[in-house]
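First up is the structure itself, then whatever we jot down about it.
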Amino acid sequence: MKKNSKVFVAIALLIVATVGVIIFEACNKKNEITDNIGNANVVSISHEDDMEGYLLDLRKRMKSATKDGESLLLSDVEWNLTALENFGFCDGSRRSNNMVIDTFYTKLRVNEGYVSLYDLNLVYENNKTQIWNKYNSLIENDKNIYFIKCLVDSVAFNDCVKVTTITSMRNGGSFSRTITFGPTDYWYDFNLKGKCGLYEGLCEGRDATTEMNTKVLNNIPQYGCDEGRVYFTDNEDTEIISLYHTGCLDAPYEDYCLYINEYNYNRCLSPSDLNWYLNKILEYIADYENYYDKNIIDFNMYAGSILGFKDYVPDIWILDMYFATINCTHQPFDD
């Protein structure tokens, strides 16, 4: 596969407090093959080289589309709309501890499993207005649209499907380079009870779960292009529930590879406990990066519970991980 668009990754390494730089080549994917099916000129997707060329051409065709013109399979709409909006509006080079997540909805007309580029363009333009309105409402001057995800229903109702658009925008701020737990990091596991042990009573409103989420985010790379801006495509979401990951005999508690409290009391986790689980989460991230052949772009961890487990409700960690292909472009924003 042809490779272009150099990208660099600044990775916060767990064993050192400095930031390293790795140079790699981003592989652009997905071009179009046009087939004539019946009376519809249908665009199907195959993995090719020129991502930017494909998206520019698709955007041009959408702008000039007519109601009875070129169509796209409904199953291809989610990928295309997500890629176009990331390409048109996003700079994925900067995340921070002050991200604003917003969700809005629109409808897309469907005709027997196909969507016309004319109707797709109407949704794109509607989303464009809402995305930029949200961006312009953010109070910080140093801001960027980091990532956009479109979800398209697979089943139509009254000849329309619902399109859900989720935006993640940076509203100033940055991430700390504190990437491991230090000697004062004794935290209650859940319930926002703050620190424990010698530090009992401090930092209420946070706990080991919120602190772990922050530490993992501090370890996630921020991506940059040697020239131009970053945008993401081919996103994959993965959820990990700690209850279902066992077999780690050296784990601090039981043999669960990710933390679980089976007994519903507040447990004090030490820095060594937390660093063990932090390393395990980073291992999972690396494994999924290799599996998807994509890069981690976002992460969220939260507390949950499972009913009916051994006749009581354990407290567990639930991890949401987001992966994507990294692309570079010199094109201006579509604003």
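The values are calculated or read from the model by the stated rules, or taken from the named source; none is laboratory data. Everything numeric here is computed off the predicted structure, so don't read it as measured data. Cβ coordinates were reconstructed from backbone atoms using ideal geometry, including for glycine residues, and neighbour counts include every protein chain displayed. We work out accessible area using only protein heavy atoms, side chains counted, and drop any ligands, DNA or RNA first. Shrake-Rupley method; radii C 1.70, N 1.55, O 1.52, S 1.80 Å.
Within the stretch 240-286, track down each residue that is within 17 Å of LEU217 (Cα to Cα) and of a type in the set (Asp, Glu).
Just the residues of the stretch 240-286 that are within 17 Å of LEU217 (Cα to Cα), to begin with: 240, 258, 274-286.
Within the stretch 240-286, just GLU283 meets the criteria.
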With the first residue restricted to the stretch 49-77 and required to be among the charged types (D, E, K, R), and the second required to be part of a loop (DSSP other than H, G, I, E, B) and surrounded by 13 or more Cβ atoms within 10 Å (Cβ to Cβ), Cβ contacts under 8 Å at 6 or more apart or on different chains are ASP49/ASN28; ASP49/LYS29; ASP50/ASN28; GLU52/ASN28; GLU52/GLN331; ARG59/ASP334; ARG61/GLU70
Looking at the structure I just gave you, is TYR54 surrounded by fewer than 19 Cβ atoms within 10 Å (Cβ to Cβ), at negative phi and either at pLDDT below 95 or of a type in the set (Ser, Thr, Tyr) (or both)?
no
Condition check for PHE89: modelled with pLDDT of 95 or more, open to solvent by less than 60 Å² (accessible area, probe 1.4 Å) and either in contact with a helix residue (DSSP H, G or I) (Cβ under 9 Å, 6 or more places away or on another chain) or not basic (Lys, Arg) (or both):
yes
